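The values are calculated or read from the model by the stated rules, or taken from the named source; none is laboratory data. It should be emphasised that the depicted structure is a prediction, and the values quoted were computed from it without experimental measurement. A quick note on method: Cβ atoms are made from the backbone with ideal geometry, for glycine too, and the neighbour counts reach across all protein chains shown.
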Amino acid sequence: MAAAGQTITYGGLARLLELSPPNTIHQITVALERLMGEDAEAGRPFIAALVISKARGGLPAMGFFDCARRLGRFTGDPNGVEARSFHAAELNAAQKFWGGRAANCRDQ
């Protein structure tokens, strides 16, 4: 998805991963927050930025911003202009970083 410059909704990712109810969205958010911690520790862009909420106009859910704040990467209002700017920058960086890695794996 990163290589293609695409995003996916939380529900779409749950279906893609064939997660079974109950609590499929919760399962996704727990996994994404763990990935965010790993990405922050390794100095990588958040791959979780590829996952967006249908209800937030192309932004991730509030938990993305809360987690990014806990990890020291986001300050600002998760409902404001700062959130949109932060997500756009993080999404762009993630698509470049993770998309390039996918291309490199295919070439080998």
Just to check your reading of the model, which residue among Ala4, Ala89 is exposed (fewer than 13 other Cβ atoms within 10 Å of the Cβ), at pLDDT 95 or above and of a type in the set (A, V, I, L, M, F, W, C)? Ala89
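Can you tell me which of Pro60, Pro78 is in contact with a strand residue (DSSP E or B) (Cβ under 6 Å, 6 or more places away or on another chain) and either surrounded by 14 or more Cβ atoms within 10 Å (Cβ to Cβ) or among the hydroxyl-bearing types (Ser, Thr, Tyr) (or both)?
Pro60
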Which pairs have Cβ atoms under 8 Å, sit 6 or more apart or on different chains, and link a residue in the stretch 9-36 that is in contact (Cβ under 8 Å) with a residue 40 or more places away in the chain to one that is part of a helix (DSSP H, G or I) and basic (Lys, Arg)? Thr9/Lys54; Gly11/Lys54
The one condition in (1) closer than 16 Å to Ala94 by Cα; (2) of a type outside the set (D, E, K, R); (3) out of contact with any helix residue (DSSP H, G or I) (no Cβ under 7 Å at 6 or more places or on another chain) that Pro45 fails to fulfil: (3)
Residues being closer than 24 Å to Ala3 by Cβ, in a helix (DSSP H, G or I) and at pLDDT 95 or above - total across the stretch 32-66: 16
Residue count, the stretch 38-57, condition under 20 Å from Ile25 (Cβ atoms) and either in contact (Cβ under 8 Å) with a residue 60 or more places away in the chain or exposed (fewer than 15 other Cβ atoms within 10 Å of the Cβ) (or both), comes to 3
